[in-house]
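Down below is the structure, laid out as structure tokens.
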Amino acid sequence: MINLQEVIETNKMIEQENLDVRTITMGISLLDCADHDLKVTCDKIYKKITTLARDLVQTGEDIAKEFGIPIVNKRISITPISLVGGACCRIPGDYVQIAKTLDRAAKDVGVNILGGYSAIVSKGMTQSDELLIRSIPMALAATERICSSVNVGSTKTGINMDAVRLMGDIIRQTAEATKDRDSVGCTKLVVLCNAPDDNPFMAGAFHGVSEADAIINVGVSGPGVVKYALEQMDESIARKNRSAQGLANFELLCETIKRTAFKITRVGQLVAQEASRRLGVPFGIIDLSLAPTPAIGDSVADILKCIGVEHPGAPGTTAALAMLNDQVKKGGVMASSYVGGLSGAFIPVSEDQGMIDAVEAGALTIEKLEAMTCVCSVGLDMIAIPGDTPATTIAGIIADESAIGMVNQKTTAVRIIPVIGKNVGDTVEYGGLFGHAPIMPVNTFSSQRFVDRGGRIPAPIHSFKN
Amino acid sequence: MTRAIITVVGKDTVGIIAKVCTYLADNQINILDISQTIVQEFFNMMMIVDLTKSVKAFDQISSELDKIGKDTGVQVKCQLEDIFDKMHRI
């Protein structure tokens, strides 16, 4: 039988260490909504989403109340919309109509974000993909709750450099289209390499074509819990040695992270199974992630500091992050029947107070963040850069991240925000989960000739496994 | 059997267990186990209860217990047992 200490431990994680389930995301296939008529397509999409996800928010709230665990977000991911709108969209404006329909459906079922305004163009672009991509700036300016993603490469296909080049322009245009709101459109747009089909986290969530008609994916979190466990570890060693400071060795450190990740993930597994049962929708995966928020004590950067670097960015940061990421997976995998999505530690800048502090202290640069993305989940995330950064430089950054993903057989992503009218020294405030960010300097030497070549970079040799 | 865990946390107060137990008895909720301890000067108590014969729905029990807690100046929470089981048992 459960004992009092265990109950106190769980509730302390929830109440004092920000343990929560970050998102229940319902994946919905919209493939059967495709029609040659735009209005019919929009009507079918609206009906399918509002029918399947009708009870999603209420169910999430019920589960949260009954188990006493906050479930922060209830979200929806959909089939990459370029696959659905191909038959009926002739101009980018047609896709914007679909975006507005999706926004209305998301609002009416009460979810805060819907992801999947997406195209998968890792090898080539269809006409429909390109129309969709060109509609992104307008769509993100005209909607509130829609997130967009474009997958420009994979280990199996190589990198579509035409798409990379185009995305440099699209990010700039999105920034321009929302410049009256500090280019907020770019916070909802991510460029990916090796994008997973079952990611529940935004902005990169979409419901891949390999998935069932509807599915429940859950993203867990809890950086505060890991940090607290590590602090306790060091303190207990200090007490044992009767010294002011204790330093647990890596073996102990890793064991502690694994044990904590296991506990966090078990809660996610429970919530996912319950949500799946109550909604009558199959359980897909748990995404084992440490996802920070701007709240104090909910920071991945703080874990890195606890492991021993003064600020993220100091030498040793990449190794500390690699270890953290690996232990989170090792602990989490055993706690869940199906693991997928991005699974790892997220290192967004604006959404993590410790990262913001590191940038402001001068410890963390984009180049170091790039190195860190080699060993953790995802990539350059929520980074504000000067508004006059050229599209070709942004494309160069995307190409670099995609190469890291392609060669290391992992997901990488770029979500950067060229904040129009702002420069290094300024900051930008988005509020809520998106947080605030100091504008970070970008290398100003040109990448133009490189990204203007066109074509694609072939798949790496180790992708040929047959 | 639907089992839940009720926790009471706060400064030690006269009659708090009595109030919670009376409420449970009035609603046909059976107490299976009780334990308590003092952590950092705070009174911590937990009860494992059986909700099978409860006359009220979980949601109502949870809000009413919360109110009893607020009226007495302590925190009373009611959670389904599964969350603790999942986290601490393999």
Residue match in the range A:165-175 (condition: outside the structural domain of A:Ser446 (by TED's automatic domain parsing), over 17 Å from A:Ile417 (Cβ atoms) and touching a helix residue (DSSP H, G or I) at 6+ places or on another chain (Cβ under 9 Å)): yes
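Residue-by-condition table, conditions (1) among the polar types (S, T, N, Q); (2) within 27 Å of the chain's Cα centre (by Cα); (3) buried (at least 18 other Cβ atoms within 10 Å of the Cβ):
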site	(1), (2), (3)
A:Leu4	no, no, yes
A:Arg22	no, yes, yes
A:Ser29	yes, yes, yes
A:Asp35	no, no, no
A:Thr50	yes, yes, no
A:Gly60	no, yes, yes
A:Glu66	no, no, yes
A:Leu83	no, yes, yes
Assigned to a loop (DSSP other than H, G, I, E, B) and of a type outside the set (A, V, I, L, M, F, W, C): which single residue out of B:Ser54, B:Ser63, B:Ser35 fits that description? B:Ser54
Condition check: free of Cβ contacts under 8 Å to residues at least 40 places away in the same chain, assigned by TED's automatic domain parsing to the domain that holds A:His36 and either assigned to a loop (DSSP other than H, G, I, E, B) or surrounded by fewer than 23 Cβ atoms within 10 Å (Cβ to Cβ) (or both). Does A:Lys100 satisfy that? no
Looking only at the range A:287-300, filter to residues that are polar (S, T, N, Q) and assigned to a loop (DSSP other than H, G, I, E, B); which one of those is surrounded by the most Cβ atoms within 10 Å (Cβ to Cβ)? A:Ser299
Report yes if some residue within the range A:166-174 is touching a Gly at 6+ places or on another chain (Cβ under 7 Å), among the hydroxyl-bearing types (Ser, Thr, Tyr) and under 13 Å from A:Ala413 (Cα atoms); otherwise report no. no
Test: A:Thr256 is more than 20 Å from A:Gly341 (Cβ to Cβ) and either touching a Cys at 6+ places or on another chain (Cβ under 7 Å) or hydroxyl-bearing (Ser, Thr, Tyr) (or both): yes
Residue within the range A:223-233 that is surrounded by 22 or more Cβ atoms within 10 Å (Cβ to Cβ), in contact with a Lys or Arg (Cβ under 6 Å, 6 or more places away or on another chain) and of a type in the set (Lys, Arg) present: no
Hey, can you tell me all the residues within the range A:301-345 that are outside any strand (DSSP E or B) and farther than 27 Å from A:Val359 by Cα? A:Lys329, A:Lys330, A:Gly331, A:Gly332, A:Val333, A:Met334, A:Ala335, A:Ser336, A:Ser337, A:Tyr338, A:Gly340, A:Gly341
With the checklist (1) buried (at least 16 other Cβ atoms within 10 Å of the Cβ); (2) closer than 27 Å to A:Glu61 by Cβ; (3) within 13 Å of another protein chain (Cβ to nearest Cβ); (4) of a type outside the set (Lys, Arg) in hand, flag the one item B:Thr2 doesn't pass. (1)
Considering only the range A:365-385, I want to know if a residue exists there that is assigned by TED's automatic domain parsing to the domain that holds A:Ala291, in a loop (DSSP other than H, G, I, E, B) and farther than 21 Å from A:Leu192 by Cβ. yes
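Residue-by-condition table, conditions (1) touching a residue at least 24 places away in the same chain (Cβ under 8 Å); (2) within 11 Å of another protein chain (Cβ to nearest Cβ); (3) not hydroxyl-bearing (Ser, Thr, Tyr):
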| site | (1), (2), (3) |
| --- | --- |
| B:Ile16 | yes, no, yes |
| B:Asn27 | yes, no, yes |
| B:Gln40 | no, yes, yes |
| B:Met47 | yes, yes, yes |
| B:Leu51 | yes, yes, yes |
| B:Gly73 | yes, no, yes |
Residue satisfying condition, being in contact with a strand residue (DSSP E or B) (Cβ under 7 Å, 6 or more places away or on another chain) and in contact (Cβ under 8 Å) with a residue 60 or more places away in the chain, within set A:Ile81, A:Ile71: A:Ile71
With A:Ile63, A:Ile76, A:Ile49, A:Ile24 as the choices, which residue is within 14 Å of chain B (Cβ to nearest Cβ), modelled with pLDDT of 95 or more and not in a loop (DSSP other than H, G, I, E, B)? A:Ile63
Residue check for A:Val40: under 28 Å from A:Arg134 (Cα atoms) and at pLDDT 95 or above: yes
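The values are calculated or read from the model by the stated rules, or taken from the named source; none is laboratory data. The structure presented is a predicted model; accordingly, all values stated were derived computationally and were not measured. Heads up, the Cβs are rebuilt from the backbone with ideal geometry, glycines too, and the neighbour counts pull from every protein chain shown.
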